[in-house]
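> Before I ask anything, here is the structure I am working with.
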Amino acid sequence: MSSTPAVRRLVRAQLTAWGYGEHIEPAELLVSELVTNALRHGSGEPVVTLSAWDGVLRAEVADAGSVLPQVRHMSEEEECGRGLLLVEALSRDWGVEHTGEGKAVWFELDARDRTAEQLG
């Protein structure tokens, strides 16, 4: 999917359907960053996959490029290049791996029910 706003709408719709409304904003932001990176530095059409299990939301953005992204530490004057720093800062875990078609960059958000944790 080549439209970042369309991806944000799909993330919002899916997380709403799953009942993860409080996680929409960080998920939208991080998926947008990964899709933007795939469009700028990857190859082919990015493919976004969302999943949820056992208190974890996972998003993955795959593309046909083979170059693995790396976190760059930017100077204050640089205007771009901070996407993976955001992913690193806001997710519980993230990574990148080679796939048969290229690479996939993923992140996970902790989505456990805090109410259940407080009662338990």
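> Say we look at segment 52-84 and pick out the residues that are part of a loop (DSSP other than H, G, I, E, B) and among the basic types (Lys, Arg); which of these is modelled with the highest pLDDT?
Filtering first and then ranking leaves 82.
> Do you know which of the residues in segment 1-38 that are open to solvent by 50 Å² or more (accessible area, probe 1.4 Å) and of a type in the set (A, V, I, L, M) is nearest to residue 109 (Cα to Cα)?
Among those residues, the one meeting the criterion is 29.
> Going by the structure shown, is residue 87 at pLDDT below 95, part of a helix (DSSP H, G or I) and open to solvent by less than 50 Å² (accessible area, probe 1.4 Å)?
Judged against the criteria, residue 87 is a match.
> Within segment 1-19, is there a residue that is over 23 Å from residue 112 (Cβ atoms), among the basic types (Lys, Arg) and modelled with pLDDT of 90 or more?
Checked segment 1-19: at least one residue is over 23 Å from residue 112 (Cβ atoms), among the basic types (Lys, Arg) and modelled with pLDDT of 90 or more.
The values are calculated or read from the model by the stated rules, or taken from the named source; none is laboratory data. The shown structure was predicted, so the numbers you read here are calculated from the model rather than taken from an experiment. No Cβ is skipped: glycine too gets one built from the backbone with ideal geometry, and neighbour counts run over all protein chains shown. What goes into the accessible areas is simple: the full protein's heavy atoms, side chains included, and nothing from ligands, DNA or RNA. Shrake-Rupley method; radii C 1.70, N 1.55, O 1.52, S 1.80 Å.
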